[in-house]
1. Percent antiparallel among DSSP beta bridges with both residues in the chain, to the nearest 5?
2. Binning at 5 angstrom from zero up to the longest distance, how are the C-alpha pair distances of the stretch 118-185 distributed in percent?
3. Jot down the per residue volume, in cubic angstrom and as a whole number, of the convex hull over the alpha-carbon atoms of the stretch 64-173.
4. Counting only heavy atoms of protein chains, what accessible area per residue, in Å², does the stretch 1-95 have with a probe of 1.4 Å?
5. Highest mean first, what order results for 102-114, 86-98, 206-218 on Cβ atoms within 10 Å?
6. With a cut-off of 8 Å between alpha carbons and a minimum separation of six or more residues, what is the relative contact order of the stretch 176-233 in percent?
7. Pick out, from Tyr95, Asn110, Leu85, the residue whose Cα sits farthest towards the positive end of the charge dipole of the stretch 80-119, with +1 on the Cβ of Lys and Arg and -1 on the Cβ of Asp and Glu.
8. With every protein chain left in place, what is the accessible area of Lys135 in Å² (1.4 Å probe, nearest 10)?
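The values are calculated or read from the model by the stated rules, or taken from the named source; none is laboratory data. All values reported here derive from a predicted model rather than from experimental measurement. Quick reminder, even Gly has a Cβ in these numbers, built from the backbone with ideal geometry, and neighbours come from all protein chains shown. The area values use the complete protein model at the heavy-atom level, side chains included, leaving out ligands, DNA and RNA. Shrake-Rupley method; radii C 1.70, N 1.55, O 1.52, S 1.80 Å.
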Amino acid sequence: MKIALVGYGKMGKIIDEIATQRGHEVVARLKETPTAENLNSPDVVIEFSLPEVAFENIKACLENKIPVICGTTGWLDKKDEVEKLAIANGTAFLYGSNFSLGVNLFFALNEKLADLMKNVDEYTCQMEEIHHIHKKDAPSGTAISLAEGIIKNNPKFNAWKLDETVEDQLGIFAIRENEVPGTHSIFYRSEVDEIEIKHTAFNRNGFALGAVVAAEWIKNKKGNFSMKDVLGL
């Protein structure tokens, strides 16, 4: 399979290595805006760039009828527009706030626990995410996905906010330190105890492998998808 990488930072380089190990050909490694010429006719694009350029990158690829796997967070106010573009151009789009297999299992566990806790009034919920100091957005896209999973399954909450939980506003502490790849914790606290679930990434390789697996899965498909579709969750 021919893969174009749009955004060639730390993640792009790890994806390049893993894609090559899995027998794929990387035909473009772009830091600039993709065009029909510089993409070099790939089967799929994997986009890991920056929030401020992600939408234009994705739009350009979809308008060239190339399916896109996107792992950039912080631009989701335009996600509906992107999904319409994928349909209009007869191609495919898959966004993942996190491509790690472990994190996607953690998403499912989080939703199950939120459902279990919805009728237990003694507990309040608080979230915490820790990432490296270079991360541009806060909270992380993974934290937002986790918060949305709680809100969907627990009617005590109707929105999320940075900082502490206040009434029906689910709080997320976003911490930036050192070179932490990503740690996400969810706490349910009462006056007598605490329940915690936590996912800790040791490096970026799991994210990169998941993105390549998603690219392999999406080839020749049309529509809008998520990692739930890829993993059958």
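1. About 35 percent, rounded to the nearest 5.
2. Histogram of Cα-Cα distances, whole percents per bin: 4, 19, 29, 22, 13, 8, 4, 1.
3. 123 Å³
4. 45 Å²
5. The packing order, highest mean first, is 206-218, 86-98, 102-114.
6. About 24 percent, as a whole number.
7. Going by the Cα projections, it comes out as Asn110.
8. 50 Å²
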